[in-house]
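The values are calculated or read from the model by the stated rules, or taken from the named source; none is laboratory data. Fair warning: this is a prediction, and the values are worked out from it, not measured in the lab. Ideal geometry is used to build each Cβ from the backbone, glycine not excepted, and the neighbour counts take in all protein chains shown. Accessible surface is based on the protein model in full, side chains and every heavy atom, while ligands, DNA and RNA are left aside. Shrake-Rupley method; radii C 1.70, N 1.55, O 1.52, S 1.80 Å.
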Amino acid sequence: MAALGRSERIVLGVVALFTVLAGVAHYGGWPSGLAFALATVALAGLAHVVGVGTEQVGRRFGPAVTGVLQSTLGNLPELFVVIFALHDGETVVAQTSIIGSLFANALLVLGLVIVVGARAAPDGVMRFRSKLPMDTSTLLLLTSFIIVIVGLAHASHDPASKHVREISSIGAVALLLVYVAWVIPYLRSDAAVEPQPGEEEHGEPMPMGLAVGLLVLGGAGSAFVSDWFVSALRPTIDALNVSDAFAGIVIVAIAGNAVENFAGILLAAKGKSDLAISVVKNSVAQVAAFLYPVLVLISLLFAHQLTFALAPVYIGTLLLTSLAVWQITGDGEAVAFEGWALVAIYAILAALTLYE
Amino acid sequence: MAALGRSERIVLGVVALFTVLAGVAHYGGWPSGLAFALATVALAGLAHVVGVGTEQVGRRFGPAVTGVLQSTLGNLPELFVVIFALHDGETVVAQTSIIGSLFANALLVLGLVIVVGARAAPDGVMRFRSKLPMDTSTLLLLTSFIIVIVGLAHASHDPASKHVREISSIGAVALLLVYVAWVIPYLRSDAAVEPQPGEEEHGEPMPMGLAVGLLVLGGAGSAFVSDWFVSALRPTIDALNVSDAFAGIVIVAIAGNAVENFAGILLAAKGKSDLAISVVKNSVAQVAAFLYPVLVLISLLFAHQLTFALAPVYIGTLLLTSLAVWQITGDGEAVAFEGWALVAIYAILAALTLYE
Amino acid sequence: MAALGRSERIVLGVVALFTVLAGVAHYGGWPSGLAFALATVALAGLAHVVGVGTEQVGRRFGPAVTGVLQSTLGNLPELFVVIFALHDGETVVAQTSIIGSLFANALLVLGLVIVVGARAAPDGVMRFRSKLPMDTSTLLLLTSFIIVIVGLAHASHDPASKHVREISSIGAVALLLVYVAWVIPYLRSDAAVEPQPGEEEHGEPMPMGLAVGLLVLGGAGSAFVSDWFVSALRPTIDALNVSDAFAGIVIVAIAGNAVENFAGILLAAKGKSDLAISVVKNSVAQVAAFLYPVLVLISLLFAHQLTFALAPVYIGTLLLTSLAVWQITGDGEAVAFEGWALVAIYAILAALTLYE
């Protein structure tokens, strides 16, 4: 532990404390609202621990391995939440929390990053390389395609709508293959060489054992806390009297991405446009083209399946989100009002889910 | 009045004459077709008078105020027409005339401006700055988003579809906030400094009293004439035996934007690409992100509400219009066939409304 | 015939052989699967013969005439297939084979061309002029518009949905006019002057009589073979136990475009990016904005009409295809994963049609 700086030790201590408190709340029958709040904070903290561990382990192997590790392990907490939700039969929450995570990242966080980044720029125009935004748009359009045609087949009572599971599985495999075809050259490219967020604070590399330890502890911890989080979710939803859709699209989505989001906005405020956009866009691409299809395939083992069949309102939002993100970031420039336009889409969607 | 040039006095006289004739036709029970035609010409003339007044008043305060005045007052005649239509319970006409105004500007007028502008260019390629087209596309996508999700909620009998009024109001407020976030820096930018259309003819500024007088008279006049216009519309629709949708999308939309449209096409013919595009694009942005949401909020005071709930055909047209306008003008270049493509979309839509 | 090179004579001989075999199979009552396979190969061969004839005849008149000839005659085999399918009352096959031809070209072939072209490029990025891709996107969006609004009118039981034939006819005329407005300046531009695919192998121009002869024989032959192809299709579909949609979208679409497709991929492998993209994009533009509307108008003479009314799944695929093609090729650059994304869309669509 001596290899850790003082601030890192404090952070780890706080995360451990909240994790323990969340456990006590869960097994001690504390009020569900409190249990949910503790689990949320613990989960965000564990996501951060997993992130630090991943980055440190990756350092030994270069940027390519870091990238792959981040892609696969960085989403562990979110993955566990959805798996536990599916396990508990909370299919609406499971589905809306994935798609909500996508919307929170692509609309709310990207929007705020652009607003903050444009303010930080001397001429009010945030500038960044357009390659990653364009790649993300391609992946989003592909995911949208699957979701749109499954939705249309369903709405028009096509014979194919009886086979949503099969079509979703085929679509998931296709999506993952395209994701791999994208991520491998991307990781090899110079884009992966640039310093990752948070790297500056961690000048000294950790000993390997410690890094792996953090990874294992963080991963295992987030598996437990995800279970407690999902258990506390249902009574909290009922107590707050909000719709399941609002819980998934807004509460779980924002809670599950809090640390990542904050990092992106902080980078934008410091004028590090490319890094800020990179953090957010990578999140969007990973949820859309990696996490969602992986969960579709994993869910084949469960009684309740996750498919690409969404309610029409979310299908429309996904398509329009893909278009807006492409339109706004595709030219490598963005001004404040464009960020607000993305935030407005998220706000209107959140308002709509209140009435669902 | 001596401060006015000869041609301006003639124009004002003709507008006054048609306004009086439209009033006589309304109260004298003239045939509805004639009353409608007179009211249409008077309304177009009054829109021009309001435009001149706004521009002259704005001159005292610089481009920012001119822009805001034009945004708020320039749409007065159209605003009154929709308000009177809502008041008379003509909700289909009210709604289709706003959306029709958007389609007429974004498809028919923009298309003709491109065709004429491309012909005027030596190499057949009309070139213009792509910033305003891209901004307009962003605003159009945001408006499309609200309309698409309200439409999908409605079509899928979502619980949220019972709350279209509330969601439309929230969407309208969000849209207006984004519009303000766009329009303020836009007005401050150099874009606002370039000469506005028609400025050359009015070299000498008008005395302030006269300018305000024109504004007040034009505004008040268009309020009266809008009432007569809407009264004559119903019997004219019945006499011509056209659908309400055709009346709104084609007749009212073209009549309400005649002067503006003609100005844009004239500028394109003179090779003033940036100005021509600016006039048309500003109209589109204002209708989509200012006039429509303002009317949604105003209509809360009426028995018949205006919402963002449109018939599916218009939702699809709006989305495809947003995409086509972005695709065609987003690169700052356009050739004749692209203009014809926009005109073709409008023609097909107009043909379809004949069968509604 | 002496004017033909050795390899050309062999190709002609093989095509003639398969044409004769296809005829014998048809009239001799051979097993439908074999008859279908022979007709498919003969049809692909005859498409090649028509292509060579068109190119040679066009040489006498310059690139403009070549272009027009290719537009009108190059699609003869496909045109005949759809006409015979309509004549036999196979409306699903007729419609899905046109739209399938579009999807096969815009997704499968373009995707493979990009994958191969990106591999052939030293830095893994295929580069090409973005004008033709952008023009094709404009035409695709226009076609999508007609198909989307006809589909929405139908789905929402609009009064206009009773007039799909009339609206389709108006849309077809509008589409053809825009196509003409596009193709004429395009043919006059330098784009048409660049060597067409295959030109290098045919260094020496053919005598005029031979070229016209090939054109007439190829055209007449493909008319006959198309009839046999369609006759063998129904029993083959039943024997293979695949859906009509799969037959149209996959089997007929790939069979009907085999030669063209292969040519495009070969050009990409040789690093001739612009030519490769040009061949594929022209096919897409011609099917969307020329062949489809022409067939809609021709079908007015038949008992079974072809309209722009498609099943919702294909409407969604068309819209997303238009967007993906624009997004991926609009910037004049493409990398391998973008090609795979297009191929993935086609694969998912093909999988879905299996369940229709």
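A crude spin-label estimate for the pair B:D123 and A:R127, with each label 7 Å from Cα along the Cβ direction, gives 2.5 nm. Between copies, the label points of C:R60, set 7 Å from Cα on the Cα→Cβ line, lie 7.7, 7.7 nm apart, reported in increasing order to one decimal in nanometres. Across the range C:31-162, Cα-Cα distances exceeding 18 Å account for 74% of all pairs.
Here is the interface size for C with A: some 2500 Å² of accessible area buried, both sides summed, with a 1.4 Å probe. Rounded, prolate or oblate for the range C:193-335? Axes are the square roots of the Cα gyration tensor eigenvalues, ordered a ≥ b ≥ c, and the cut-off for rounded is a/c under 1.5. Verdict is oblate for the range C:193-335.
Which entries of A:K270/B:K131; A:K281/B:K131; B:K270/C:K272; A:K131/C:K272; A:K281/B:K272; B:K270/C:K281 show an alpha-carbon separation above 30 angstrom in the structure shown?
Checking Cα-Cα distances, B:K270/C:K272; A:K281/B:K272; B:K270/C:K281 exceed 30 Å.
What is the percent carbon and sulfur in the accessible area of the range A:12-125, measuring with a 1.4 Å probe over the protein chains and ignoring ligands? Carbon-and-sulfur percentage of accessible area, whole number: 73.
The shape of chain B comes out rounded: with a ≥ b ≥ c from the C-alpha gyration tensor, a/c is under 1.5.
Taking every protein chain into account, the accessible area of the range C:292-345 amounts to 24 square angstrom per residue (probe 1.4 Å). Taking the Cα-to-Cβ direction at C:V180 and at C:A16 and moving 7 Å from each Cα, how far apart do the two end points lie in nm? With each label placed 7 Å out from Cα toward Cβ, I get 3.9 nm.
Shape summary: the protein assembly as shown maps onto an equivalent ellipsoid whose semi-axes, from the alpha-carbon gyration tensor, are 45, 45, 28 Å in decreasing order. For C:A303 and B:A220, the FRET efficiency from 1/(1 + (r/R0)^6), where r spans their Cβ atoms and R0 equals 56 Å, is about 0.35. Structure remark: mean-square fluctuation, Gaussian network model of chain A, C-alpha springs under 10 Å; the largest value among A:I315, A:I114, A:I298 belongs to A:I298. Loop by DSSP (not H, G, I, E, B), at most 15 other beta-carbon atoms within 10 Å: where is the longest site-free stretch of chain A for chymotrypsin sites (Phe, Trp or Tyr not before Pro)? Longest stretch, sites excluded: A:62-301. Rounded to the nearest 500, the 222 nm mean residue ellipticity of chain C from helices alone is -24000 deg cm²/dmol, with -39,500 (n - 2.57) taken per DSSP H run of at least 4 residues.
Extension gain, C:A239-C:L266: 0.36 nm per intervening residue step, less the Cα-Cα distance, totals 6.4 nm. Here is how far apart the C:I298 label points are across copies: 5.3, 5.3 nm, shortest first, using a point 7 Å from Cα toward Cβ. If you add up the charges near B:R234, with Lys and Arg at +1 and Asp and Glu at -1, over every other residue whose beta carbon is less than 11 angstrom from its beta carbon, what do you get? So the surrounding residues net to -4. Taking label positions 7 Å along the Cα-Cβ direction at both A:V212 and C:V92, the computed distance is 5.8 nm, reported to one decimal.
Once the label point is placed 7 Å from Cα along Cβ, list for A:V180 the distances to the corresponding points in the other copies, in nm, shortest first. Here the equivalent label points are 5.2, 5.2 nm apart from this one.
For the range B:308-355, a drop of 40 Å² or more in accessible area on going from the chain alone to the assembled protein chains (1.4 Å probe) is found at B:P312, B:V313, B:L319, B:L320, B:L323, B:W326, B:Q327, B:F337, B:I345, B:I348, B:L352, B:Y355.
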